[in-house]
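Okay, structure first, notes after.
The values are calculated or read from the model by the stated rules, or taken from the named source; none is laboratory data. Given the structure is predicted, the values throughout are model-derived calculations rather than measurements. Counting neighbours? That spans all protein chains shown, and the Cβs are built from the backbone with ideal geometry, glycine included.
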Amino acid sequence: MKVAFLSGTSIVNSRLFSGWEVKKVQTIYGEVDYRTWGDFVLINRHGAGNPLPPHALNHRANLRAVADLGYEDVVALSSVGSLRPDLPPGSLVSCSDYVCFQTGPATYFDQEMKGGAPGIANNLMPRLVGELAREFTIQTGQVYVQTRGPRFETKAEIRIIRQWGDVVGMTAAHEADLCTELGLRYNSLGTVDNFANGLEGTEISYARFRELVKDSQARVDRLLVRLLEILA
């Protein structure tokens, strides 16, 4: 099955893809590095080499590359923060809707009064949830709240956005918007790596975030192996 994967920290830290062929594709929005193996394509949303921060990502180039390479199904793996005490680090989520009031290049219609109706297709998720169930529980139907980055949210901001959704991140809403505009089917799969700032008395920093991501890498690698097996 032809599937394009979008990912970030889980790919940077994983050795699973070291044997995949590295290629480049030139789009009208810029050059994109990707890895390929069989019918799969993998794009690190933060780019190759030194990763770009969330607010500086070239989402338009990444998704245009997916379409130009002939893919229609996208599985996006995202690291998210929990906005709920009952959704602890280590949880897996699939979001079916999102909140994003951010400005930025989240559209291909810069010169037109036009835009796709927002949404997340999740067409592959029923199969993935079912076949992963023996090892992984995925909480579906969650709501993703996107913030700008690169800094984490203030405790006051978290108190507000807790009323809006279940998890918080900095990338998925832009990706979902662009997939809709291109006619791509976006599938959301998130790993909860931390409680949001102030939730459950936590303090968040990038140093602490990196530690939490590192702690969960073995489990994430196993999830990635199973995804590839299921979709092969």
Would you please name the residue that is modelled with the lowest pLDDT, looking only at residues in region 94-113 that are under 30 Å from L132 (Cβ atoms) and in contact with a helix residue (DSSP H, G or I) (Cβ under 6 Å, 6 or more places away or on another chain)? A106
Any idea how many residues of region 1-36 are more than 20 Å from the chain's Cα centre (by Cα), surrounded by 13 or more Cβ atoms within 10 Å (Cβ to Cβ) and closer than 25 Å to A218 by Cα? 1
Test set (1) touching a residue at least 24 places away in the same chain (Cβ under 8 Å); (2) of a type in the set (F, W, Y); (3) more than 20 Å from L92 (Cα to Cα) - F5 fails condition number: (3)
Could you tell me which numbered condition F195 fails, if it satisfies all but one of (1) under 21 Å from R45 (Cβ atoms); (2) buried (at least 21 other Cβ atoms within 10 Å of the Cβ); (3) touching a strand residue (DSSP E or B) at 6+ places or on another chain (Cβ under 7 Å)? (1)
So, D221, is that one under 17 Å from the mean Cα position of the chain (by Cα), modelled with pLDDT under 95 and in a helix (DSSP H, G or I) or not? yes
Looking only at region 1-46, how many residues end up being closer than 20 Å to L124 by Cα, touching an Asp or Glu at 6+ places or on another chain (Cβ under 7 Å) and charged (D, E, K, R)? 1
Which one of the conditions (1) in contact (Cβ under 8 Å) with a residue 12 or more places away in the chain; (2) at positive phi does V41 fail to meet, given that it meets all the rest? (2)
If we keep just the residues of region 1-24 that are in contact with a strand residue (DSSP E or B) (Cβ under 6 Å, 6 or more places away or on another chain) and not in a strand (DSSP E or B), which is modelled with the highest pLDDT? W20
With the checklist (1) at pLDDT 95 or above; (2) surrounded by fewer than 21 Cβ atoms within 10 Å (Cβ to Cβ); (3) more than 25 Å from R210 (Cβ to Cβ); (4) of a type outside the set (D, E, K, R) in hand, flag the one item A156 doesn't pass. (3)
